[in-house]
Structure formats: C-alpha cells, structure tokens
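Working notes, beginning with the structure itself.
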Amino acid sequence: MRKLVLLVLMFTLVISVPGCHKETEKPELLFYIGITMVKPVMELKETFEAEHDCIIRIVQGGSQDLYDSLKTSEEGDLYMPGSYSYRLNNLEDGLLLDAVLVGYNKASLVVKEGNPLGFSNDLSQLADKNIKVVICNPDSGSIGSETKKILDAYGNYEDVFDNAIYLTTDSRNLTDAIVDGDAELCINWFATTVWEDNVDLVDAILIDEIYAEKKMLIMNLIKTSRYPDLTLEFMAYASSEHGKSVFKKYGFIDDEDLEIMDKVEFK
C-alpha cells in the first residue's frame, strides 16, 4: 500500500512540473476562409497573432466545401464564406453563432487585361459557342453559386453550362483559366481583379446590378470554437476601422459601403 501511495505522489509531481501543461502553449485557432477573402484575412492575422500571442491556422477553399468540412470535423473557430447566403442556409444546423459584416463581394465578367477581344457586359456572350468560357461549380464555391443565380435570372444558365469548356471549384482557378488562356470570358468576383498579383493580368467588366447585387461578407463564430472570446476579438478587429481599411485595400469595400456598413442589420 505504501509503495502505491509513493507511486501516485511521484506521478503527481511529474505532471505538475512547470511547462508540461497544455495551458502554457499558445492558443491555436482554426479559420475556414473562402479563397477570395484569404489575402485580407492573412494581413489581419499577422498583427493579431503578434498582439495576442496566438496562432491562427487558415483552411481555404470553396465556401460550401469549407462548411461541409467544419460540420463533419466538428472543429474550428471561425467561418467566412463568400456570400451571406451560406450563413442563412446553414443557420438551422446551430453551428454558426455571432457574426460581423466585414465587406462585400460583387460578381463581374472577367477577361484578359485590356479586354483584347472587346467584350461588353452582355451576359449572352457566355453562351456563344465561338467564345471559350469556364465557370465555377455551383456546388463548391460561392462564385459558382452566384454565377448560377445571375444566369438563372438572365435566363441562360443551362446554355452557358453546356458551352463551358470545364467547371472549376473557386475564384482562384477562374483567374488561372483566363491567364492561362483556357478561357476568354468568365464570371468571377470583382475583388480578384484589383489585387497586385492580378491587376496586370485580368480586367473586370461590371455586370448590371439587376442581375449581380453585392453580397455581404460575414465572419461567423463557430459553435465548436475552443477559444470563443479570442475569436470574437479577431472578429471585432476585422470589423474595426482598421479592418475595414484592409478589406477596402483588397477591393471588398468602397466609400459608399463605408457609409452604410454600421447600419446594416442581418441574422
């Protein structure tokens, strides 16, 4: 019996040694971020990590694919899809809690820099069999879902679908399709065309707002978060004046948006 007590005491001393506790490690947060929004989030995370002595891991991909991943894994702290619809459509699962508005996505037609083929904003061009077109899968990326909504409203989605050389998964691959010459015309998020690494490669042609409305970009706290308070701090930082300036830098906010963002209500 005495030996058993001594063994228990020795084990207690070992696990009590300073530095052996998990609590001494840096908090590590897991963010699910739609590919289009990765650049501003990466910029914000660097300062936030330094100020809060934490680590932020980012999983990037198509908005629906990301939601399916966080739902299946039951892990993660923050979810940021490319459209508000992903919050609305998934609220009943109970996984998405507090939310903040950080910017807007707006779809546009995208062509090679300088628009050498002289395309207009006429959506019927996408169904022209003489034009090379690539579109995003509506079941994977937010721009795919938005493309389907736009073309359904216009009335030619099936024709464009049939005309597409192939379907891709996200905004990054759409840009690559234009740059590599696989496509001459596509629908992609406007913000992608103003980034430093894309601005000399592609141009945007704005689509009539009758068909392409701005889509709210919402950061969502995930129910499975191990660090909800820290995640909420990041969300507050991203929606602060500084955070808005970063999202504006990457094409997700304009001066008109800044005047109304604080008054916007959502679920």
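Points worth noting:
- Entry remark, the range 28-58: residues being under 29 Å from Asn173 (Cβ atoms) and of a type in the set (Gly, Ala, Ser) number 1 in total.
- In summary, strands (runs of 3 or more DSSP E) completely within the range 13-89 and bearing 2 or more residues that are surrounded by 23 or more Cβ atoms within 10 Å (Cβ to Cβ), within 16 Å of the chain's Cα centre (by Cα) and at pLDDT 95 or above occur at 28-34, 78-80.
- Taking the range 91-104 as the range and being closer than 30 Å to His242 by Cβ and either modelled with pLDDT under 95 or of a type in the set (D, E, K, R) (or both) as the test, only Asp98 passes.
- Subset of the range 155-195 [without any contact (Cβ under 8 Å) to a residue 60 or more places away in the chain, under 26 Å from Leu217 (Cα atoms) and assigned to a loop (DSSP other than H, G, I, E, B)]: Val194
Conditions (1) of a type in the set (Phe, Trp, Tyr); (2) under 20 Å from Asp203 (Cβ atoms); (3) touching a helix residue (DSSP H, G or I) at 6+ places or on another chain (Cβ under 7 Å), marked per residue:
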residue	(1), (2), (3)
Tyr84	yes, no, no
Ser140	no, no, yes
Ile143	no, yes, yes
Asn163	no, no, yes
Val179	no, yes, no
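- Any hit, the range 152-171, residues being acidic (Asp, Glu), over 23 Å from Val246 (Cβ atoms) and crowded, with 17+ Cβ neighbours inside 10 Å: no
- Checking Asp180 against (1) in the same structural domain as Thr47 (by TED's automatic domain parsing); (2) farther than 22 Å from Pro40 by Cα, the condition it does not meet: (1)
- Residue match in the range 215-224 (condition: modelled with pLDDT under 95 and in contact with a strand residue (DSSP E or B) (Cβ under 7 Å, 6 or more places away or on another chain)): yes
The values are calculated or read from the model by the stated rules, or taken from the named source; none is laboratory data. None of the values given here were measured: they were computed from a predicted structure. Cβ atoms come from the backbone with ideal geometry, glycine included; neighbour counts cover every protein chain shown.
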